[in-house]
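J.: Take this structure first; my questions come after.
The values are calculated or read from the model by the stated rules, or taken from the named source; none is laboratory data. Because the structure is a prediction, the values reported are computed rather than measured. Cβ: placed from backbone, ideal geometry, glycine included. Neighbour counts: every protein chain shown.
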Amino acid sequence: MNQGDKKPNHQFIQQKQGDTEKYSSIIGVRDQEETENPSRAKLREEMRAKVGANLMKKEEEELDLASALSNPEWKAVRYGVVGAGHGGSRLAEQFHQFGYKVCVANTSKQDLYHIKLPQENKLLLNYALGGAGKDPTIGQAAFEEGEPELKEMFDRVFGEDAKEVDSFIICAMLGGGSGNGGIIPLITILSDYGLPITVLCTLPLSSEGTVTKSNSINALNKLGQLSANKLINGLIIIDNSKIEEIYSNVSLGGFFKAANFDIVNIFNTFNTLSSLPTEYVAIDPMDYSKVIMSGGCTIYGKVEIPLHIEDGVVEMDEDDVADLLLQNLQQGLLVEGFDVGQALRFGVYITGKSEHLNQIPANTFNYAFASLSEELKKADMFKGVYADPRLEDKLVIYLLVSGLGLPRDRVEQLMEEAQADVEEMEEKENSMRSKMEMFQQTSNREQDRYKQKRKENTALGKMINKRRSRN
């Protein structure tokens, strides 16, 4: 089927009302009725069939989580990942290293150069001078103009009509121009495939400028509207300022590498564990899909629980895991400013060495699950326990929380920081103008003195000055 013959079944209309822009759907792939979406039902059937096949295959294999994390066959959901802009492309590149089908697009040739993907999976959108200069309107125009090339790349990477993937992830940094501006056109294009769409986006560092923060606030407003209208199935928000606290001692060159790895590695761990068998308690692909596609905002992170081990024996009280989990809950998440009590659903994955898991009483885990459920105000809980032979003297607990509203506390902080930056910039501009005016006044005085001196040096001026001196 030619791309020109494909009829889009989903589009957005931009309506300006005052200073806000609202997007509405006129032909919905995902309507707002209470009945199950056809694409979701199809995904459910495929997931059930796939998990059965995977389990049959794995019965003959020894579970190796380390190799499973980079094996594309051991995933609950086959994501097709699209990176927009520089930051989004870096995140997408990390997904590629874990075995996902990935492509990226950007307006900047320089930023695409070092993205480690096959050349045919990278699209340069030639628009204006190159780059977007942190202007989302330029980024949006570039992605809209490049729609034919984008569709061609999607069919090549994800299979015709996206038959080789189950769902899409759009990766973007909200502070820039290309990533921010590319989100809406990408949602519009990918919606034509009739598959669920998740947006994974990052908030800026506190040290970044006014324009970057303002861009992020405006983008969150639009994405919140799209999520509320079910035009996207998940909105994952990562806060680079929070990650900066976690990696405070990492070098400038290594910061974003470490951050991108952690962001994608934790997400990939959820998707991988949900496809694997366990002798304990499992979260299956449909459980995972239900959490990740709950709508609203999704956040995640991990908490490490140290174990006291004496002569190979785990020594711990019944409430140790629960206490440490709750104490470190907010610190372990890759974003802040959310009220986790708003959550609709959450998944909790406990991992540790088999010999340690086998010694910990079931009541210890049950108490931890119950305590976490209480903290999240009785949100629908999905729980799993998995063996990970890489863990020597600790448990690692992964948390996936969904159905949240926007991070109002963090947005208000960004607005305050942006306002402070604006005031400082205005003060600088006023200072610059006053200095320029002072220079102009000085310049005028110098010109007057020059004119006077020149007048004095004429023949008539010399006679007048001589006469004055005699008198």
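J.: Of the residues Glu336, Glu315, Glu310, which is touching a His at 6+ places or on another chain (Cβ under 8 Å) and of a type outside the set (A, V, I, L, M)?
T.: On the way: Glu336 fails: touching a His at 6+ places or on another chain (Cβ under 8 Å); Glu310 fails: touching a His at 6+ places or on another chain (Cβ under 8 Å).
Being touching a His at 6+ places or on another chain (Cβ under 8 Å) and of a type outside the set (A, V, I, L, M) holds for just one of Glu336, Glu315, Glu310, which is Glu315.
J.: Scan (1) more than 17 Å from the chain's Cα centre (by Cα); (2) modelled with pLDDT under 90 for the single condition Gly176 breaks and write down its number.
T.: Gly176 satisfies every listed condition except (1).
J.: Which pairs turn up if I take residues in region 139-153 that are farther than 14 Å from Cys103 by Cα and look for partners that are in a helix (DSSP H, G or I) and of a type in the set (Ser, Thr, Tyr) with beta carbon separation below 6 Å, at least 6 apart in sequence or on another chain?
T.: Gly139/Ser178
J.: Find all pairs meeting these conditions: Cβ atoms under 7 angstrom apart; at least six residues apart or on different chains; first residue within region 302-315 and touching a residue at least 12 places away in the same chain (Cβ under 8 Å); second residue exposed (fewer than 11 other Cβ atoms within 10 Å of the Cβ) and not in a loop (DSSP other than H, G, I, E, B).
T.: Listed pairs, sorted by first residue: none to list.
Every residue, every condition in (1) among the charged types (D, E, K, R); (2) touching a residue at least 40 places away in the same chain (Cβ under 8 Å), yes or no:
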{"site": "Gly347", "(1), (2)": "no, yes"}
{"site": "Leu372", "(1), (2)": "no, yes"}
{"site": "Met381", "(1), (2)": "no, no"}
{"site": "Asp388", "(1), (2)": "yes, yes"}
{"site": "Val396", "(1), (2)": "no, yes"}
{"site": "Ser402", "(1), (2)": "no, yes"}
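J.: Pull up region 218-264, narrow it to residues that are basic (Lys, Arg) and in a helix (DSSP H, G or I), then point me to the one that is nearest to Ser167 (Cα to Cα). So that I can check it myself, show each step before the final result.
T.: From region 218-264, those basic (Lys, Arg) are 222, 230, 242, 257; that's our starting set.
Restricting the remaining residues to those that are in a helix (DSSP H, G or I) gives 222, 242, 257.
Working: Lys222: 21, Lys242: 28, Lys257: 25 Å.
That would be Lys222.
J.: If you go through region 267-274 one residue at a time, do you hit one that is surrounded by fewer than 19 Cβ atoms within 10 Å (Cβ to Cβ), of a type outside the set (Ser, Thr, Tyr) and within 23 Å of the chain's Cα centre (by Cα)? Step through it out loud before you land on a result.
T.: Our first condition is that a residue be surrounded by fewer than 19 Cβ atoms within 10 Å (Cβ to Cβ); within region 267-274, this holds for none.
Within region 267-274, none of the residues are surrounded by fewer than 19 Cβ atoms within 10 Å (Cβ to Cβ), of a type outside the set (Ser, Thr, Tyr) and within 23 Å of the chain's Cα centre (by Cα).
J.: Next up: Taking the stated definitions as given, is Val165 out of contact with any Cys (no Cβ under 6 Å at 6 or more places or on another chain), within 26 Å of Lys75 (Cα to Cα) and buried (at least 22 other Cβ atoms within 10 Å of the Cβ)? Write out each step before concluding.
T.: Details: out of contact with any Cys (no Cβ under 6 Å at 6 or more places or on another chain): yes; within 26 Å of Lys75 (Cα to Cα): yes; buried (at least 22 other Cβ atoms within 10 Å of the Cβ): no.
Answer is no for this residue.
J.: I need the full set of residues from region 99-113 which are surrounded by fewer than 24 Cβ atoms within 10 Å (Cβ to Cβ) and either closer than 16 Å to Phe158 by Cα or in contact with a Cys (Cβ under 9 Å, 6 or more places away or on another chain) (or both), in order please. Please lay out each step first, then the result.
T.: To start, the set of residues in region 99-113 that are surrounded by fewer than 24 Cβ atoms within 10 Å (Cβ to Cβ) comprises 99-101, 103, 108-113.
Matches in region 99-113: Gly99, Tyr100, Lys101, Cys103.
J.: Considering only region 292-329, state which residues are under 18 Å from the mean Cα position of the chain (by Cα) and more than 17 Å from Lys394 (Cβ to Cβ).
T.: Initial filter on region 292-329 (under 18 Å from the mean Cα position of the chain (by Cα)): 292-302.
If the condition is that a residue be under 18 Å from the mean Cα position of the chain (by Cα) and more than 17 Å from Lys394 (Cβ to Cβ), then Ile292, Met293, Ser294, Gly295, Gly296, Cys297, Thr298, Ile299, Tyr300 are the ones that fit.
J.: Quick check on Ala76: is it modelled with pLDDT of 90 or more and among the small types (Gly, Ala, Ser)? Even if it seems obvious, please write down each step before you answer.
T.: Numbers: modelled with pLDDT of 90 or more: yes; among the small types (Gly, Ala, Ser): yes.
Spelling it out, Ala76 is indeed modelled with pLDDT of 90 or more and among the small types (Gly, Ala, Ser).
J.: Now for a different question. If you go through region 205-222, how many residues are surrounded by fewer than 24 Cβ atoms within 10 Å (Cβ to Cβ), touching a residue at least 24 places away in the same chain (Cβ under 8 Å) and of a type outside the set (Val, Ile, Thr)?
T.: Residues of region 205-222 surrounded by fewer than 24 Cβ atoms within 10 Å (Cβ to Cβ): 205-212, 214, 217-218, 220-222.
Filter once more, so that each one left must be touching a residue at least 24 places away in the same chain (Cβ under 8 Å): 205-206, 208-212, 214, 217-218, 220-222.
Filter again for of a type outside the set (Val, Ile, Thr), leaving 205-206, 208-209, 214, 218, 220-222.
Residues flagged as surrounded by fewer than 24 Cβ atoms within 10 Å (Cβ to Cβ), touching a residue at least 24 places away in the same chain (Cβ under 8 Å) and of a type outside the set (Val, Ile, Thr) within region 205-222 amount to 9.
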